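Asks: Starting off with a structure, shown below.
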Amino acid sequence: MNRLLLLSASKIPAAASSLRGSYSGASAAARLSAARRFSGASGALTKGEVLSFDARNKFGFIVPDGVDKTDHENKDLFFVHRNDIKAVKSDGDRESAFFPKLRRGQRVEFRAGPPNEGTEAGKAYDVTLEGGKLVAPFEQGDLKRYIRSQKSRFGDRVFEIYSTTQDQKELERKIVEAYDMARERIEQQTATMTRVAKAAGIELELEDGAKHGSRGYDH
């Protein structure tokens, strides 16, 4: 038994030496990743750049400073979900009806957390733009795109009415109803986005260069 213990003990220095050699030979990215994970456990404030963000699926990835933007592994990145983005609210403490989204290349800062179970990338939360500015709930031009989509939807509806309605009076009535509905949706969306934009410091843009609050969509 004593001989067995002596043999095992004699192997400890060699194992330690091998471990040191393995770590010292590790890539800079791997060492940075290990250091990041350690600091991430305490919620350290980290800065980086948005690698990707899928607004439809509500998530994306951030490349932290110090990690190559093209040559990296999943474990070097941070996963960000839409719910972990700190965004401008519309009215008081009530959450905006619009959801924040990040763009590729945006500079951000966040609290670093460990990966979710079964994943490699760390978890980013309390995400803001660099400097702590809250993420806007929509982007410049979103209202203009919404108005265009409603006009297109109205056009499709008119085409459908002409294709299925024979009586002239009924045809006119349906077209007027479709127009009123489209106009109402645009007015409601414009009013809501104007309130949110004021809080977010965003200048809304309508078609034909009209400013928010005008009736530029009537032309």
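Asks: Taking a 22 Å limit on the Cα-Cα distance, which of the listed pairs K47/K198; K123/K198; K47/K144; K133/K198 fall beyond it?
Replies: K47/K198; K123/K198; K47/K144
Asks: With +1 on each Lys and Arg Cβ and -1 on each Asp and Glu Cβ, and nothing else charged, work out how big the dipole of the stretch 95-151 is about its Cα centre, in Debye to the nearest 20.
Replies: 500
Asks: Sequence gap at least 6, Cα distance under 8 Å: using those rules, report the relative contact order of the stretch 111-158 to the nearest whole percent.
Replies: 20
Asks: Leaving ligands, DNA and RNA out of it, work out the accessible area of L51 with a 1.4 Å probe and give it in Å² to the nearest 10.
Replies: Rounded to the nearest 10, that gives 30 Å².
Asks: Go through M181, M193 and list them by solvent-accessible area, largest first, probe radius 1.4 Å.
Replies: So, going from the largest accessible area down, we get M181, M193.
Asks: Right, here's the next one. Using amide H atoms built in the peptide plane, which far-off residues or other-chain residues are under 5 Å from A44 H to H?
Replies: A112
Asks: Name the residue farthest towards the positive end of the dipole of the stretch 129-196 from the options T164, M181, F138, assuming +1 on Cβ of Lys and Arg, -1 on Cβ of Asp and Glu, about the Cα centre.
Replies: F138
Asks: Right, here's the next one. Take every Cα pair under 8 Å in the stretch 128-201 that's 6+ residues apart, average their separations, divide by the length, and report that relative contact order as a whole percent.
Replies: For the stretch 128-201, the relative contact order is 41 percent.
Asks: Points 7 angstrom from Cα along the Cβ direction at E172 and K75: gap in nanometres?
Replies: 7.4
The values are calculated or read from the model by the stated rules, or taken from the named source; none is laboratory data. Computed from a predicted structure; not experimentally measured. Cβ: placed from backbone, ideal geometry, glycine included. Neighbour counts: every protein chain shown. The area values use the complete protein model at the heavy-atom level, side chains included, leaving out ligands, DNA and RNA. Shrake-Rupley method; radii C 1.70, N 1.55, O 1.52, S 1.80 Å.
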